[in-house]
Amino acid sequence: MWNGGGTRVGPKMAPSRVFGEVRYTSLVGETTRLREPVHFMMSRNQLSLTLDLLLLLAVCALEVVSLTGLPLHEWLGVALCGAVLVHLLLQWTWIESRTRRVLAPLPRIRRTRINYLLNLTLFVAMIVAIFTGVMISETVLPAIGLTGSRNRLWGQFHSLATGVVLLLVGLHLALNWQWVVRIARSFFQSRARSGPPPSPEAQA
């Protein structure tokens, strides 16, 4: 008999799984240890953390127009809209549960309410920043045959909204720092347990 890894195992050897290994024990007590392949898969929380880090980098890059240039700045803002939508979908269960908790007259949920209001304010600020950015667009709107507004007021609102977004992102990160550390630690521990991927020679 052959196991899944291509190693021959005697017919009278019973398999048992211990810490990522398959152990075959014969009737005479001999034990053969064969490493079982561990398939790594990113959890929802780990995916959410990865997306949050990408959003943080995007927000920081959007603050430095002189570095990215105006065309990249605007298209990066468009991409940010899609990333925010994916983020909301990933966190929709959390949004529903926290909304019920915030609206319920329960004691000792001050931190939950603060976190909820911070996230809601951040979402509104990002919507305002995106909307005002579209209104003064000089690249994205002309690309689809439209013309942005030349009113300076839109530009002032956009600058204010992006500054508020950056501030709230920092507060959001600080308030949820323990969660970030916990999910990051579980991510790297999962990677360590999965081990390096097998070489093409080993799979042949």
Within region 136-151, does at least one residue satisfy the condition of being part of a helix (DSSP H, G or I), hydroxyl-bearing (Ser, Thr, Tyr) and either open to solvent by less than 40 Å² (accessible area, probe 1.4 Å) or closer than 22 Å to Thr68 by Cα (or both)? no
Going through region 85-134 one residue at a time, which ones are among the hydroxyl-bearing types (Ser, Thr, Tyr) and open to solvent by less than 90 Å² (accessible area, probe 1.4 Å)? Ser97, Thr99, Thr112, Tyr116, Thr121, Thr132
Residues in region 127-147 that are touching an Asp or Glu at 6+ places or on another chain (Cβ under 7 Å) and farther than 19 Å from Val165 by Cβ total 1
Restricting attention to region 57-72, report how many residues are without any contact (Cβ under 8 Å) to a residue 40 or more places away in the chain, open to solvent by less than 70 Å² (accessible area, probe 1.4 Å) and more than 19 Å from Gly170 (Cβ to Cβ). 3
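A quick yes/no check of all residues on (1) aliphatic (A, V, I, L, M); (2) at pLDDT 80 or above:
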| residue | (1), (2) |
| --- | --- |
| His87 | no, yes |
| Ile114 | yes, yes |
| Leu120 | yes, yes |
| Ile136 | yes, yes |
| Gly145 | no, yes |
| Trp154 | no, yes |
| Phe187 | no, no |
| Ala192 | yes, no |
| Glu201 | no, no |
Tell me yes or no: at least one residue of region 60-74 is outside any loop (DSSP other than H, G, I, E, B), at pLDDT 85 or above and either of a type in the set (D, E, K, R) or in contact with a Phe, Trp or Tyr (Cβ under 6 Å, 6 or more places away or on another chain) (or both). yes
Of all residues in region 164-178 being over 16 Å from Ala58 (Cβ atoms) and not hydrophobic (A, V, I, L, M, F, W, C), which is surrounded by the fewest Cβ atoms within 10 Å (Cβ to Cβ)? Gln178
Got at least one residue in region 35-56 being open to solvent by 90 Å² or more (accessible area, probe 1.4 Å), at pLDDT below 80 and either more than 26 Å from Phe188 (Cα to Cα) or part of a helix (DSSP H, G or I) (or both)? yes
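The values are calculated or read from the model by the stated rules, or taken from the named source; none is laboratory data. No experiment lies behind these values; they were computed from the predicted model shown. All Cβ positions, even for glycine, are placed from backbone atoms using ideal geometry, and neighbour counts span all protein chains on display. These accessible areas exclude ligands, DNA and RNA; they are computed on the full protein's heavy atoms, side chains included. Shrake-Rupley method; radii C 1.70, N 1.55, O 1.52, S 1.80 Å.
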